1. Report yes if residue 23 is in contact (Cβ under 8 Å) with a residue 40 or more places away in the chain and part of a helix (DSSP H, G or I), otherwise no.
2. Could you check how many residues of segment 1-18 are free of Cβ contacts under 8 Å to residues at least 24 places away in the same chain and either surrounded by fewer than 16 Cβ atoms within 10 Å (Cβ to Cβ) or farther than 17 Å from residue 84 by Cα (or both)?
3. What do you reckon, is residue 96 farther than 21 Å from residue 23 by Cα and either surrounded by 14 or more Cβ atoms within 10 Å (Cβ to Cβ) or modelled with pLDDT of 90 or more (or both)?
4. Checking the conditions here, which among 99, 41, 83 is in a helix (DSSP H, G or I) and in contact (Cβ under 8 Å) with a residue 40 or more places away in the chain?
5. Could you figure out which of (1) modelled with pLDDT of 95 or more; (2) over 12 Å from the mean Cα position of the chain (by Cα); (3) not in a loop (DSSP other than H, G, I, E, B) isn't true of residue 28?
6. Please specify each residue of segment 28-56 satisfying the condition of being buried (at least 18 other Cβ atoms within 10 Å of the Cβ) and under 14 Å from residue 101 (Cα atoms).
């Protein structure tokens with residue numbers, strides 16, 4: 001969904017999405033060094049290039065959080081970095097990177113909410 005909204009809003013939704021997801025990642029992981037406002041300002045000042053680093057860093061933090069909790073997880077940060085870097089040339093691969101990272105955020109949300117990373121929370125009878 002964030003990729004579609006980014007296209008429909010001519011890219012403006014991406015800035016909102018980056019801010020909100022970084023803030024939620026900060027709250028979920030307790031990492032005080034994450035500052036979504038600074039990331040947003042640097043993204044705008046650097047014509048979007050800072051966002052490549054932000055998405056790579058956030059993907060690494062998601063992976064590290066999974067590892068810290070003992071859950072199996074594939075590190076997709078390098079692929080997200082490559083897709084975002086290629087977006088400077090074609091634009092479209094950045095949308096795939098957004099979709100991948102949103103999926104990672106959703107899995108982390110399920111993990112922190114008590115559900116397994118790839119399914120529903122166990123039901124009690």
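The values are calculated or read from the model by the stated rules, or taken from the named source; none is laboratory data. For clarity, every value in this text was computed on a predicted model and none was experimentally measured. Virtual Cβ from ideal backbone geometry, glycine too; neighbours counted across all protein chains shown.
1. no
2. Here is the first cut: in segment 1-18, the residues free of Cβ contacts under 8 Å to residues at least 24 places away in the same chain are 4-5, 8-13, 16.
Adding the requirement that they be either surrounded by fewer than 16 Cβ atoms within 10 Å (Cβ to Cβ) or farther than 17 Å from residue 84 by Cα (or both) leaves 4-5, 8-12, 16.
Number of matching residues: 8.
3. Judged against the criteria, residue 96 is a match.
4. 99
5. Condition (1) is where residue 28 drops out.
6. Hits for segment 28-56 are 51, 52, 54, 55, 56.
Per-residue answers, yes or no, for (1) within 13 Å of the chain's Cα centre (by Cα); (2) closer than 22 Å to residue 1 by Cα:
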position	(1), (2)
16	yes, yes
37	no, no
47	no, no
52	yes, yes
55	yes, yes
73	no, no
82	no, yes
85	no, yes
103	yes, yes
